[in-house]
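Trainee: Following this message is one structure expressed as structure tokens.
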């Protein structure tokens with residue numbers, strides 16, 4: 001479990017859906033898998049099947065009182081803080097909302113103190129079904145739970161739980177178009193015409209130099225050769241982001257399976273392989289040095305916008321683990337990774353935040369017309 005960061009506060013929830021989101025954040029913060037939560041509950045005399053937890057976190061209604069109590073105890077919440085969760089739950093169950101318009105008080109819930117809970121195995125363990133459709137594991141989270149061992153980059157802490165659309169990524173389901181700029185009503189002056197001409201000449205010279213360098217197969221000074229675009233095929237691959245030329249990978253030492261972009265030269269944790277499932281469907285297999293062979297996927301069936309792309313055990317029915325690898329552009333400029341049968345249509349695997357920076361993370365986000373941060377090459381290893 002991460003320490004020193006603000007614990008999820010149930011009093012910030014104004015409706016049942018927001019309350020569930022904070023329960024998801026509580027699980028993420030604990031660092032425990034569904035199996036570990038179930039085992040911890042059993043050790044204290046509670047009954048908490050992992051499939052029940054998955055279904056609880058996939059719903060938009062508040063859980064039963066005894067289920068909530070067992071869950072927060074298993075996540076390491078002390079009794080004096082558990083009262084706050086129970087108070088908010090009771091208010092939401094009775095009124096359907098919580099807040100200043102007549103909501104309950106603090107219920108003895110203190111803010112600012114981190115909750116307890118041991119570090120667990122990587123998140124996203126397989127969950128079964130208890131008869132209710134559509135159980136769901138981890139939702140979108142911030143940078144990984146658990147500190148990096150320092151070998152793969154700096155740690156990055158951020159609040160848990162659902163987040164607003166990252167900078168540079170349009171809102172769901174589609175971006176709002178900005179108004180076109182109004183034309184300049186005044187004709188350009190003589191000086192402006194001269195400046196425009198000078199800029200045009202400089203641009204022409206620069207373009208000529210670039211064309212000559214391209215024909216000679218020499219990169220411009222200070223630039224490396226541009227990697228060749230490679231179509232998807234079965235076998236070991238580097239999954240390279242078009243634009244940044246960084247590759248998908250995890251941080252060594254983290255247990256949540258969150259996928260980032262990093263320098264391709266060190267992208268070995270894990271090593272990825274493509275496996276064709278038939279038709280245009282593919283599985284991205286992760287061969288990790290510290291964990292069993294797994295699969296890349298989107299949690300919660302893709303229900304949550306900006307849910308993280310993460311590696312975990314294969315075969316979890318609550319995760320989207322099948323992808324369409326779709327060519328984009330004419331001629332093709334890259335391949336989109338599209339979660340197949342995601343509950344959020346029109347989504348693509350996307351680099352969010354600073355798209356050119358190492359350790360920017362990968363999430364499900366709306367597919368865009370320019371496909372920035374959404375195109376990949378599957379370079380052979």
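Trainee: Please tell me if residue 312 is modelled with pLDDT under 95 and in a strand (DSSP E or B).
Mentor: Answer is yes for this residue.
Trainee: Return the total of residues in region 32-51 being modelled with pLDDT under 85 and buried (at least 24 other Cβ atoms within 10 Å of the Cβ).
Mentor: Going through region 32-51 one residue at a time, the tally reaches 1.
Trainee: So, in region 73-86, exactly how many residues are in contact (Cβ under 8 Å) with a residue 24 or more places away in the chain, part of a helix (DSSP H, G or I) and surrounded by fewer than 22 Cβ atoms within 10 Å (Cβ to Cβ)? Steps first, answer last, please.
Mentor: Our first condition is that a residue be in contact (Cβ under 8 Å) with a residue 24 or more places away in the chain; within region 73-86, this holds for 73-78, 80-81, 83-85.
If we keep only those that are part of a helix (DSSP H, G or I) as well, we get 73-74, 80-81, 83-85.
Pick out the ones that are also surrounded by fewer than 22 Cβ atoms within 10 Å (Cβ to Cβ) and you get 73, 80-81, 83.
Residues meeting the conditions: 4.
Trainee: Considering (1) part of a loop (DSSP other than H, G, I, E, B); (2) on the phi < 0 side of the Ramachandran plot; (3) within 18 Å of the chain's Cα centre (by Cα), say which one residue 306 fails and leave the rest.
Mentor: (2)
For every residue, the table says whether it meets (1) in contact (Cβ under 8 Å) with a residue 40 or more places away in the chain; (2) crowded, with 20+ Cβ neighbours inside 10 Å; (3) farther than 18 Å from residue 379 by Cβ.
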| residue | (1), (2), (3) |
| --- | --- |
| 282 | yes, yes, no |
| 301 | yes, yes, yes |
| 311 | yes, yes, yes |
| 330 | no, no, yes |
| 350 | yes, yes, yes |
| 356 | yes, no, yes |
| 360 | yes, yes, yes |
| 363 | yes, yes, yes |
| 368 | yes, no, yes |
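Trainee: Out of everything in region 245-296 that is part of a loop (DSSP other than H, G, I, E, B) and in contact with a helix residue (DSSP H, G or I) (Cβ under 9 Å, 6 or more places away or on another chain), what residue ends up being nearest to residue 33 (Cα to Cα)?
Mentor: 256
Trainee: Checking the condition in contact with a strand residue (DSSP E or B) (Cβ under 9 Å, 6 or more places away or on another chain), surrounded by fewer than 22 Cβ atoms within 10 Å (Cβ to Cβ) and touching a residue at least 24 places away in the same chain (Cβ under 8 Å), which residue from 273, 250 passes?
Mentor: Testing whether each residue is in contact with a strand residue (DSSP E or B) (Cβ under 9 Å, 6 or more places away or on another chain), surrounded by fewer than 22 Cβ atoms within 10 Å (Cβ to Cβ) and touching a residue at least 24 places away in the same chain (Cβ under 8 Å) leaves just 273.
Trainee: Please count how many residues of region 89-104 are at pLDDT 75 or above and either over 9 Å from residue 14 (Cα atoms) or in a loop (DSSP other than H, G, I, E, B) (or both).
Mentor: The number of residues fulfilling the criteria is 10.
Trainee: Hey, another quick one. Would you pick out the residues in region 33-49 that are in a loop (DSSP other than H, G, I, E, B) and under 13 Å from residue 70 (Cβ atoms)?
Mentor: 44, 45, 46, 47, 48, 49
Trainee: Let me ask something additional. On the given criteria, is residue 66 surrounded by fewer than 19 Cβ atoms within 10 Å (Cβ to Cβ), at pLDDT 90 or above and assigned to a helix (DSSP H, G or I)?
Mentor: yes
Trainee: From the list 370, 341, which residue is closer than 23 Å to residue 229 by Cα, more than 16 Å from the chain's Cα centre (by Cα) and assigned to a loop (DSSP other than H, G, I, E, B)? Don't jump to the end; show me each part of the working.
Mentor: Working: 341 fails: closer than 23 Å to residue 229 by Cα.
On inspection, the qualifying residue turns out to be 370.
Trainee: On to the next question. Scan region 50-61 and tell me whether some residue there is touching a helix residue (DSSP H, G or I) at 6+ places or on another chain (Cβ under 6 Å) and not in a helix (DSSP H, G or I).
Mentor: yes
Trainee: Next up: Report whether or not residue 257 is surrounded by 20 or more Cβ atoms within 10 Å (Cβ to Cβ) and over 18 Å from residue 355 (Cα atoms). Let's see the steps before the verdict.
Mentor: Numbers: surrounded by 20 or more Cβ atoms within 10 Å (Cβ to Cβ): yes; over 18 Å from residue 355 (Cα atoms): yes.
Yes, satisfied.
Trainee: Only one of 310, 321, 358 is touching a strand residue (DSSP E or B) at 6+ places or on another chain (Cβ under 9 Å), more than 30 Å from residue 17 (Cβ to Cβ) and not assigned by TED's automatic domain parsing to the domain that holds residue 20. Can you tell me which? Quick ask: steps written out before the conclusion?
Mentor: Numbers: 310 fails: more than 30 Å from residue 17 (Cβ to Cβ); 321 fails: more than 30 Å from residue 17 (Cβ to Cβ).
Of 310, 321, 358, the one residue that is touching a strand residue (DSSP E or B) at 6+ places or on another chain (Cβ under 9 Å), more than 30 Å from residue 17 (Cβ to Cβ) and not assigned by TED's automatic domain parsing to the domain that holds residue 20 is 358.
The values are calculated or read from the model by the stated rules, or taken from the named source; none is laboratory data. What you see is a predicted model, and the numbers here were worked out from it, not measured in a lab. So basically every Cβ, Gly included, is an ideal-geometry build from the backbone, and we count neighbours across all protein chains shown.
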